[in-house]
Structure formats: C-alpha cells, structure tokens
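Contents: one structure, followed by commentary.
Nothing in this text is a laboratory measurement; each read-out follows from the coordinates by a stated rule. What you see is a predicted model, and the numbers here were worked out from it, not measured in a lab. Here the Cβ positions follow ideal geometry from the backbone for every residue, glycine too, while neighbour counts run over all protein chains shown.
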Amino acid sequence: MPDHHAAHADLRTRWHHTVLAARDGIPEPDPMPYAENLLARWAEPQRRYHTTDHLIAVLDHIDTLVAHAEDPAAVRLAAWFHDAVYRPDRSENEERSAALAELALPELGIDDARTAEVARLVRLTVTHAPEPGDTNGEVLCDADLAILAAGPEAYAAYAASVREEYGFVPDETFREGRAAVLRQLLGLPRLFRTPHGQAEWEARARQNLTTELDLLRV
C-alpha cells in the first residue's frame, strides 16, 4: 500500500520550496494553508486518475525535464494548479483552475508576471500544444502527458482509472469519446516537445495509444 502520509509530507515540503523560489526566498505569508487547500482538492472523491498520485508524477517528470524550463518555479506552481479544479462532468476545469491560481498566487506574494505565467501554463493543458520556443509550456505539457509512455501495466491502470472517472457515461458513448481523444493525440505531429520527451517517451506513447485505440474497437 502507498504511504499517503509520507507522500503528503513530501508534497508539503516541495510546495514550500517552490513558493519560496517563486518569491525569491521571502518567507511570508505562510505557504502552508494553501498547500492544505490544494491537497484537499487533489484528494476529492470523484477523482480516480487526477489524484495526488498524478500530481506527484507530474512534479517528478518536471524534475526530469527542469533544465529545459525558463522558469522552473512557474512550471512547478502550474503543476500544482493544473487540475486543482476537476469535475469529470464539466468542460471548464482548466479555466477554473487557472482562475484559482490567479486568485491564490497574489495572496501568496507571487508577483503579477509570474502569476500570469502560471495561469497561462494551466490554460495550456487544454490543448497540450505549446508554441515553438515556449520552454515552460513544453516542460509542463510533456510532464502531464508522460503517463502515455508508461509501461503496459501502468498504462492499463491509467486507462482504467480514466474510465472510472467517467463512470456516469455509458460504455458506447465513452468508447466513442475516448477514441476521439486518442485519435486527436495520435494526429499530433509530436506528443512531446522537449528533447528528453521526444527521445525517451514519444515512441512508447504512440504504441500505447494505438494499442488502446485498437482495444476500444473490439
């Protein structure tokens, strides 16, 4: 069984370091009430994939890709906020998550420019299509999509948890919608934009997506 207490303690530490980095070491205001609010959001009962485990995975992948980012603190803050508002039956989750960042970060002492960058990055996760040269966007989007390049068991667990989140959707409707998402991803010229993502994740992710699409057609 995963040790959720240890995971949350580690996340609180990571949040504290990220906030201090984002405001150049200024200790006040206390970052921790915001961590508690965000962790409560990531632990909501309707979540099956977009959970604290997903947040940890995205932060870990950002650590792998961080040398590519222009502003690592902004990218890490965007990871914390990118699914902070998540309802499977709603379409405006990213917009509401970005608005939450725009409200919370100034209260936390984050300057206007970095707050705007975090909100921009959160909104970018609607399309996962950063413009060329948008290194912050490339790192966040690659980290968010890295699950697509997981090994077969982990990918199968991911696909199953996505289905659980959409448990209110009938099977046939879900299959059609999921297949459309997979075809859209496979239609992208590149799933991953960072050099590491292209080299290490692209081929396996395409194989996983193709396999899932074939299974949906059965």
Quiz item: Between exposed trypsin sites (Lys or Arg not before Pro) in the chain, where DSSP calls loop and at most 13 other Cβ atoms lie within 10 Å, what's the longest gap?
Solution: 91-189
Quiz item: Any idea how far the Cα center of the range 3-68 sits from the one of the range 82-108, in Å?
Solution: 15 Å
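Would you kindly state how much longer the chain becomes between ALA6 and ALA203 on full extension, computed as 0.36 nm times their sequence separation minus their alpha carbon distance, in nm to one decimal?
Once the chain is fully extended between ALA6 and ALA203, it gains 67.6 nm.
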Quiz item: Just from its helices, what would the mean residue ellipticity at 222 nm be for the chain, if runs of 4 or more DSSP H residues each count -39500 (n - 2.57) and the sum is divided by every residue, rounded to the nearest 500 deg cm²/dmol?
Solution: -21000 deg cm²/dmol
Quiz item: On the first, second and third principal axes, largest extent first, how far apart are the outermost C-alpha atoms of the range 10-62 in Å?
Solution: 36, 24, 14
Self-check item: Förster-model FRET efficiency, 35 Å R0, GLU107 and ALA157, C-beta, rounded to 0.05
Solution: 0.45
Practice problem: For the range 167-218, restrict the atom set to alpha-carbon positions and state the Rg and Dmax in Å. | Solution: 12.9, 39
Quiz item: Relative to a virtual label point 7 Å from the Cα of GLU70 in the Cα→beta-carbon direction, which members of the range 136-155 show backbone nitrogen distances below 20 Å?
Solution: 136-144
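What dipole magnitude, in Debye to the nearest 20, does the range 19-148 give about its Cα centre under +1 on Lys/Arg Cβ and -1 on Asp/Glu Cβ?
For the range 19-148, the charge dipole is close to 420 debye.
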Quiz item: By how many nm would the segment from GLU164 to LEU213 grow when fully extended, if each residue of separation counts as 0.36 nm and the alpha-carbon distance is taken off?
Solution: 15.9 nm
Practice problem: Compute the Cα gyration tensor for the range 34-131, then decide on rounded, prolate or oblate, letting a ≥ b ≥ c be the square roots of its eigenvalues: rounded whenever a/c is under 1.5, prolate when a/b is larger than b/c in the other cases, and oblate in all that remain. | Solution: rounded
Quiz item: Which value, in Å³ per residue, describes the convex hull spanned by the Cα atoms of the range 1-90?
Solution: 111 Å³
Quiz item: Which whole-number percent gives the relative contact order of the chain, counting Cα pairs below 8 Å spaced six or more residues apart?
Solution: 20 percent
Quiz item: According to the Kirkwood expression over distinct Cα-Cα pairs, how big is the hydrodynamic radius of the chain, in Å?
Solution: 17.9 Å
Practice problem: Find how many whole Å separate the alpha carbon centroid of the range 191-218 from the alpha carbon centroid of the range 122-173. | Solution: 11 Å
